[in-house]
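J.: Dropping the structure in here first, questions after.
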Amino acid sequence: MSLNNAVFLVLAGLTVAAALGVVSSRNIIHSALYLILAFLGVAGIYFTLGAGFLGLVQILVYAGAVAVLIIFAIMLVMDSPAENSNQPPPRRETHFWGMILAALLTLILGRTITSSRLGPTVVAQADNDTVGALAELMLGRYVVAFEAAAILLLLAVVGAIILARGVEKD
């Protein structure tokens, strides 16, 4: 077994363990932190496959922006700790069907991956060819739309803060 395969297996195990932490944690903040760890594990897997651009996008967009936004939204919306919720626990049959569906999805994805003809070299070659083209489009032709989306997201976050503070004072 090569070093690349060993690193891939370690990262895959870490990612699966973090994903299990997301769905099994009773504290929503801990679930969000496990989600960040799962995103970072997926980014590491991209790096081992030679897809550096996808790994960086995974870190910047998902582990950086989306996960922080999720934690930010949870902190703004939560009135009391998650442990004090009065919801009944899920029934056992819900867990059973969830496990059946997860196993089925795992089998389908595993079969798809093993029968795929795309290998790490094909992904890396396509990745290197498109990085320059994507950068030129985002920072050249579509720079105004890119910056407008960034400003719109910033205004949405500021609006959420103002609304949350207004609710707290009432």
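J.: Across the stretch 4-30, what is the total count of residues that are of a type in the set (Lys, Arg) and under 16 Å from the mean Cα position of the chain (by Cα)?
T.: Residues meeting the conditions: 0.
J.: What residue, of 156, 133, is of a type outside the set (S, T, N, Q), under 23 Å from the mean Cα position of the chain (by Cα), modelled with pLDDT of 75 or more and in a helix (DSSP H, G or I)?
T.: 156
J.: Another one. Quick one: how many residues across the stretch 29-69 are within 27 Å of residue 99 (Cβ to Cβ), β-branched (Val, Ile, Thr) and surrounded by fewer than 18 Cβ atoms within 10 Å (Cβ to Cβ)?
T.: 2
J.: Restricting the first residue to the stretch 23-41 and requiring it to be in a helix (DSSP H, G or I), which pairs with a second residue that is among the hydroxyl-bearing types (Ser, Thr, Tyr) and modelled with pLDDT under 90 meet a Cβ separation below 8 Å and a spacing of at least six or different chains?
T.: From the stretch 23-41, the pairs are 23/31; 31/25; 34/25; 39/62.
J.: To continue, here is another question. Quick check on residue 94: is it modelled with pLDDT under 75, in a helix (DSSP H, G or I) and polar (S, T, N, Q)?
T.: no
The values are calculated or read from the model by the stated rules, or taken from the named source; none is laboratory data. Model, not experiment: these values are computed from the prediction. Please note: Cβ atoms are built from the backbone with ideal geometry, for glycine as well, and neighbour counts cover all protein chains shown.
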